[in-house]
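Have a look at the structure below before the remarks.
What follows draws every value from the coordinates through simple rules; no lab data is involved. Just so it is clear, the structure is predicted and the values come from calculations on it, not from any experiment. Quick reminder, even Gly has a Cβ in these numbers, built from the backbone with ideal geometry, and neighbours come from all protein chains shown.
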Ligand SMILES: CC(C)(COP(=O)(O)OP(=O)(O)OC[C@H]1O[C@@H](n2cnc3c(N)ncnc32)[C@H](O)[C@@H]1OP(=O)(O)O)[C@@H](O)C(=O)NCCC(=O)NCCS
């Protein structure tokens, strides 16, 4: 995998396109088109990219943005969100490789990674388990539950 690069305002349009394309699968699995990654507007995404507490990384292949992830730093906790791989590039290790690469790039105070996904997201749940995440609880969302996971490292 090419090294991940930090994404900024100039990448906002491409990132929105990637996010919307990738998260349709999640939405269909949960019969909920209103999930935040699909609802997020370009302006909201640009505000996140400008937020100094959020680090957004992307992977480009021959210039094309094929994967991305967003990390909000809160002291020793890093909240992972919006992990997305382009639909035609899924299942070839890109998502796992990006998650591992980002772990190595987190600032020193970070000791815990947290994330959540829908309970019907079988693929992501397997992926996070393989990466060492463990479930910490479930919360209701529409007519399904969100599964909260965390991983301690360092
Ligand atoms: C979830 C997501 C980020 C995973 O990214 P990915 O690049 O497809 O993930 P990986 O390829 O690393 O791993 C996924 C599968 O591919 C397999 N895989 C890994 N390396 C592979 C390779 N070299 N060749 C073929 N398959 C491979 C893995 O075994 C895994 O299979 P399994 O989950 O069925 O056991 C991606 O599918 C996606 O964007 N989904 C939609 C958005 C989403 O759900 N995001 C997460 C919500 S929290």
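When the Gaussian network model of the chain links Cα atoms closer than 10 Å, the mean-square fluctuations of 124, 107, 87 top out at 107. Extension gain for residue 97-residue 142 works out to 13.1 nm (0.36 nm per residue, less the C-alpha to C-alpha distance).
Once a ≥ b ≥ c are taken as the square roots of the eigenvalues of the Cα gyration tensor of region 61-136, is the result rounded (a/c under 1.5), prolate (a/b larger than b/c) or oblate (a/b not larger than b/c)? Since a/c reaches 1.5 but b/c is at least a/b, the shape of region 61-136 is classed as oblate. Pairs of alpha-carbon atoms within less than 8 angstrom and 6+ residues apart define the contacts here; what relative contact order does region 5-112 have, in percent? 25 percent. Residues 64, 70, 46 in ascending order of nearby Cβ atoms (within 10 Å, fewest first): 64, 46, 70. Size descriptors for the chain, from the alpha-carbon set: Rg then Dmax equal 14.7, 41 Å. Once you have a ≥ b ≥ c as the square roots of the Cα gyration tensor eigenvalues for region 1-75, tell me rounded if a/c is under 1.5, and otherwise prolate or oblate according to whether a/b is larger than b/c. Since a/c reaches 1.5 but b/c is at least a/b, the shape of region 1-75 is classed as oblate. When each of 139, 117, 17 is scored by the number of other beta-carbon atoms lying within 10 Å, the sequence from fewest to most is 139, 17, 117.
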